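Q: Let me begin by handing over the structure; questions about it come next.
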Amino acid sequence: MSTVDDPSTASPPREGAKRFAALHVEGLTVDIRTEHGSFRAVDGVTFEVRPGEVVGLVGESGSGKSITALALMQLLPEQAAVTAGIVRLGETDLLGVRGEELRSLRGRRVSMVFQDPLTSLNPLMTVERQLVEAVRLHHHRASRSEAVDRVGALLRTVGFGDPDRVLRSYPHELSGGMRQRVMIVMTMVNSPDLLIADEPTTALDVTTQAQVLDALAVARDAAGSAMILISHDLGLIGERCDRVHVMYNGRIIESGSTAAILEQPAHPYTIGLLASRPTLKRRRRLVPIPGAPPGQFEVLSGCAFTPRCARTRGRQLCADEAPQMTAVTGGSTTAACHFASETPVPVTISESSEDAVEEMVADGELPKRPPTGPPLLEVGHLVKEFGRRGGFFSRRSQGVRALDDVSFGIAAGRTLALVGESGSGKSTAARSVLQLVEPTSGSVAFDGRDLTGARGRALREFRMSAQLVQQDPYSALNPRMTVGNAIGEPLRVHRAMNARQVEQRVGDLLESVGLRPEHSRRFPHEFSGGQRQRICIARALSLEPRLLVLDEPVSSLDVSVQAQILSLLADIQLERQIAFLFITHDLAVVRNVADEIAVLHRGAVVEFGPAETVLSHPSHDYTRTLIAAVPDSSRRRAGSGAGVQASRE
Amino acid sequence: MLGVTTVMFALLRAVPGDPAAVIAGPAATPAVLAAVRAQYHLNQPLVYQYGHWISSLLSGNLGTSLTYQEPVVTLIRQALGPTLQLVIVSMVIGVSLGVLLGVFAATHLRKAPDLIVSGFSSGVLGMPSFWMGLLLLLVFSVDLHWVPSGGSVSILSSPVEGLKTVALPAITLGLGVAAVQARFVRTAMVEALSGDYVRTARAKGASERAVVWKHALRNALLPLITITGIQVGILLGGVVVIEDVFARPGLGSVIATAIANRDYPVVEGTTVVLVAAFSAVNLVVDIAYQFIDPRIRR
């Protein structure tokens, strides 16, 4: 492959799938050095990717899935090193190649799409330069115009109507979805044997996500490449993969066909993941996996999942001996569990995996929803415009209408979900409700009192009864303040409590969110993401608010932790009858928490109604688009087991 | 600009010493001194002197030297060439050496080259520039006779001689610039090299050289543009000392002589020019950003 193929055909011949090589990974082990010593990030990972096949690696953060991918391309960060294992692509030893040989392999035989398309593209180079470079690095004799033709054709394939305009753009001039499609073109332009996609849509909006995944599928099908799709999202994995490997604590703990993993999971962790995942299909009580994954330096002689396992029941074998991957008797997966066959495998495989998992989960009962009462919060005809006033030098601009006649209400003890993509006005709505930004027009009434123009005492009283929980629990807590001070601060500001009373109350609050009172003396960095979000919730609860504005409270958390936080919130709401304004882009979460739904699109509420109705019988096109975009394992592309499938437009 | 000129004006007047005494010579009688003062408005109140100076400044008149009886503009024009030559050559040496050393250090993080570069930076920064200038002078001029020990020849009219005369002072100043640049380049490169787009470049098969020099360096140089602008300012200050050490004609020696002679118009005039030059450089820097970083282009 020294010259570009005929530029008029972006894809090599389909029967070319035979020329592709399979990937064998055996016993891959990666250690990472830190200042506190080194730990094992990937531990004896073994799997295979056949030519043209899509293999999913699924796991939560820290499970080792990204490190595995980076190791395959020798792109590990400096402090990480492969300490054992074999990785072969066809006849090539991927871990042994060096220098020029390695360079010519990357981007030509193996290439990789990364999570964040904004930072992954060079901000100072046009798309054309970056794409043409990708071609000419491996086709030295290709002229510039040949290369441009080639990437232009591929840009069309992934859905760009006007490739020339995209080629002339800089990355920052493109939207997130467009950038990621540019990345896909960059990686697929040399028709590699293997494409590794590491959380390719995690940083994108739901509707863009589907578009990018389709682009990925089309480009991959056109080239005939095999793919490793890495994700934390079981729905996405289920929809797009032929086979799945589930990773936990650096190991693959269960492998099988996508259908087998979703419908007959044998490992308690896989079952737990499925049970803790909210789905669009129906509202049910989520069953979180208790506890948290082991810390990096925790040395466990037995199975790493034992401390969280519902199945171990104190059996010594689990704590003593790490289980090996073995075919599950009576099941259809391979799992690393001493008692894999103990799982009650559902006798009939129902059409949807959710039903199957439901049968395995004992506690499927939902708390009763309180009836709707008079609205506690009432928002009427809210309008917020930005940038209306022209500056001294600038021409008078039209201004952006972030909120356009938005109205909704929430009753005590109930949850309204405000749904929309980034830029839809969700956060502006939240800030307007909390009186953090002044609306251009419209009203916000709380408990029957109009807050328009409220100042001083009235505003302070409202602020005490309406609290905010933000998306990123890392930046929402002051790193130099102890947890106790963070939670106690509102009490000192608003309640004039003395030190002993504050301490007592902080302790109670920590217990109510599942932490311990002695945690109050620690600093935020000592806690995991989920624990920090608990701390943020405790802080929000300290003044006994009647309204909680939750701005994407679980979006940055892992699935099993997300379930813990959602359950916690549900319990708190039930106990204290707090009204929730729940802002999210994730419809599956919405399904699980909302009583009513307001769908925001370009600043306007396009659909409003009871959750059940909106999700089952959406009346607005945009709502339908949103629902269709949620990855759904039951919608798995037909016959994807064969590998190379055409799904071109 | 106005602020700087005002402060400078006040400071200059606060320095003890009487320019009239310098002009009239040591044997002057009090009557002569008084006449000289009157001629140059030195007997007027400071506010009047300031107003007079500012108003002529605004009409482009920098006044007349008290010592040489020549227009300040003429003195500056004669001195500007050699100084400009020195500043430009110093910056070229400083920036290129600084970038090379910085990249070298960043690509060999915590290894010997990194330590050597950081040692070089500390060493140069810790050494007064006049002393380094004297050392260079002793070795290359006095002992080895490679280059002349002073004077200035225009590079444009005779490049070889011009470069020879500018070499030592430019290296002296350039090393100082390089020391600072190397540190900033190193930091910026370390960050750039850990960037996602660098990983992308490697993943698509770019050679390590292309990764470093094409992908990472351009991004790393962005924050350096500002620092380079500031360094030009620092360099303009350093020029005063170095021109003196190497007995080069130039703005620096003009200003040094003028201060000694309490030649107010010359000191004021040259300062105005230097401040204007510094402002111009920073304006160019701000405009340069627009061209280099597409993200702030409109």
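Q: Just to be sure I understand the curve: with the Debye formula and one point per C-alpha of segment A:115-212, what is log10 I(q)/I(0) at q = 0.13, 0.22, 0.24 Å⁻¹?
A: Debye intensities relative to I(0), on a log10 scale: -0.41, -1.19, -1.39.
Q: Using helices alone, what [θ] at 222 nm do you get for chain A, with -39,500 (n - 2.57) per DSSP H run of 4 or more residues, divided over all residues and rounded to the nearest 500?
A: One gets -9500 deg cm²/dmol as the mean residue ellipticity at 222 nm.
Q: Using the Kirkwood radius over C-alpha pairs as Rh, can you work out the diffusion coefficient of segment A:231-289 via Stokes-Einstein at 25 °C, viscosity 0.890 mPa s, in µm² per second?
A: 206 µm²/s
Q: Something else about it: Rounded to the nearest 0.05, what FRET efficiency do B:S154 and B:E70 give with R0 = 22 Å and r taken as the Cβ-Cβ distance? Could you check?
A: The formula returns an efficiency of 0.55 here.
Q: Can you tell me the FRET efficiency between A:R516 and A:E461 if r is taken as the Cβ-Cβ distance and R0 is 30 Å, rounded to the nearest 0.05?
A: Once rounded, the FRET efficiency stands at 0.40.
Q: If amide hydrogens are placed 1.01 Å from N in the peptide plane, which non-local residues have theirs closer than 5 Å to the one on A:R283?
A: Close amide H contacts, sequence-distant or interchain: none at all.
Q: Apply the Karplus curve 6.51 cos²θ - 1.76 cosθ + 1.60, θ = phi - 60°, to the phi angles in segment A:270-282 and return the couplings in whole Hz, x for Gly and Pro.
A: 4, 4, x, 4, 5, 6, 8, 8, x, 10, 5, 4, 7
Q: Further question: How high is the relative contact order of chain B, in percent, with contacts defined as C-alpha pairs under 8 Å that are six or more residues apart?
A: 26 percent
Q: Could you give the angle, 0 to 90 degrees to the nearest 10, between helix B:251-260's Cα long axis and the longest principal axis of the Cα atoms of chain B?
A: Long axis of B:251-260 versus the principal axis of chain B: about 40 degrees.
Q: Restricting to DSSP H runs of at least four residues, report the calculated mean residue ellipticity at 222 nm for chain B, -39500 (n - 2.57) per run over all residues, nearest 500 deg cm²/dmol.
A: It comes out at -24000 deg cm²/dmol, rounded to the nearest 500.
Q: Now, a different point. Order these peptides, A:421-432, A:238-249, by their mean beta-carbon neighbour count within 10 angstrom, highest first.
A: A:238-249, A:421-432
Q: Count charges around A:V549 for me, please; just the other residues with Cβ under 12 Å from its Cβ, Lys/Arg as +1, Asp/Glu as -1.
A: +2
Q: With the cut-off at 1.5 for a/c, could you classify segment A:507-559 from its C-alpha gyration tensor as rounded, prolate or oblate?
A: oblate
Q: May I ask you to compute the full-extension gain from A:H381 to A:H24, defined as 0.36 nm times their residue separation minus their alpha-carbon distance, rounded to one decimal in nm?
A: Net length gain for the segment: 122.5 nm.
Q: Can you give the average number of partner chain beta-carbon atoms within 10 Å of each beta-carbon in peptide A:70-78, as a whole number?
A: Average neighbour count from other chains, rounded to a whole number: 2.
Q: If amide H atoms are built 1.01 Å from N in the plane of the peptide, which residues on other chains or at least 5 residues away come under 5 Å of the amide H of A:A417?
A: A:F582, A:D595, A:E596, A:I597, A:A598
Q: Further question: When every alpha-carbon pair in segment B:153-298 is counted, what percent end up more than 21 Å apart?
A: 60 percent
Q: Give a residue-ordered list of calculated ³J(HN,Hα) values for segment A:192-199 (Karplus: 6.51 cos²θ - 1.76 cosθ + 1.60, θ = phi - 60°; whole Hz; x for Gly, Pro).
A: The phi angles translate into x, 5, 9, 10, 10, 10, 9, 6 Hz.
Q: While we're here: Rounded to the nearest 0.05, what FRET efficiency do B:L138 and A:F297 give with R0 = 60 Å and r taken as the Cβ-Cβ distance? Could you check?
A: With R0 = 60 Å, the Cβ-Cβ based efficiency is 0.55.
Q: Does chain A come out rounded, prolate or oblate by the C-alpha gyration tensor, with a ≥ b ≥ c the root eigenvalues, rounded set by a/c under 1.5 and, if not, prolate when a/b is larger than b/c and oblate if not?
A: Cα axes put chain A in the oblate bin.
Q: Between 0 and 90 degrees, rounded to the nearest ten: what's the tilt of helix B:30-39 against the longest Cα principal axis of chain B?
A: Its long axis makes an angle of about 60 degrees.
Q: With a/c under 1.5 counting as rounded, go ahead and sort segment A:246-336 into rounded, prolate or oblate using the C-alpha gyration tensor (a ≥ b ≥ c being the square roots of the eigenvalues; past the cut-off, prolate if a/b is larger than b/c, else oblate).
A: oblate
Q: Applying the Karplus parametrisation 6.51 cos²θ - 1.76 cosθ + 1.60 with θ = phi - 60° to the phi angles of segment A:24-38, what ³J(HN,Hα) value in whole Hz is obtained for each residue in order, glycine and proline being reported as x?
A: Coupling constants for segment A:24-38: 10, 10, 9, x, 5, 10, 10, 10, 10, 8, 10, 5, 9, x, 10 Hz.
Q: Compute the acute angle (0 to 90°) between the alpha-carbon long axis of helix A:176-188 and the principal axis of greatest extent of the alpha-carbon atoms of chain A; round to the nearest 10°.
A: So the inclination is approximately 10 degrees.
Q: Using a cut-off of 14 Å between beta-carbons, work out the net charge of the residues near A:V82 (Lys and Arg +1, Asp and Glu -1, A:V82 not included).
A: Here the charged neighbours net out to -1.
Q: Using only the Cα atoms of segment B:2-58, what are the Rg and Dmax in Å?
A: Radius of gyration, then largest Cα-Cα span, for segment B:2-58: 12.8, 38 Å.
Q: Mind listing which trypsin sites (Lys or Arg not before Pro) in segment B:58-164 are in a DSSP loop and have 14 or fewer other Cβ atoms within 10 Å?
A: B:R110, B:K111
Q: For Cα pairs less than 8 Å apart in space and 6+ apart in sequence, what is the mean separation divided by the residue count of chain A, i.e. the relative contact order in percent?
A: 15 percent
Q: Long-range amide H contacts for A:L57: which residues qualify at under 5 Å (H placed 1.01 Å from N, peptide plane, sequence gap of 5 or more or a different chain)?
A: A:L229, A:I230, A:S231, A:H245
Values in this text are rule-based calculations from the coordinates and carry no lab data. None of the values given here were measured: they were computed from a predicted structure. So basically every Cβ, Gly included, is an ideal-geometry build from the backbone, and we count neighbours across all protein chains shown.
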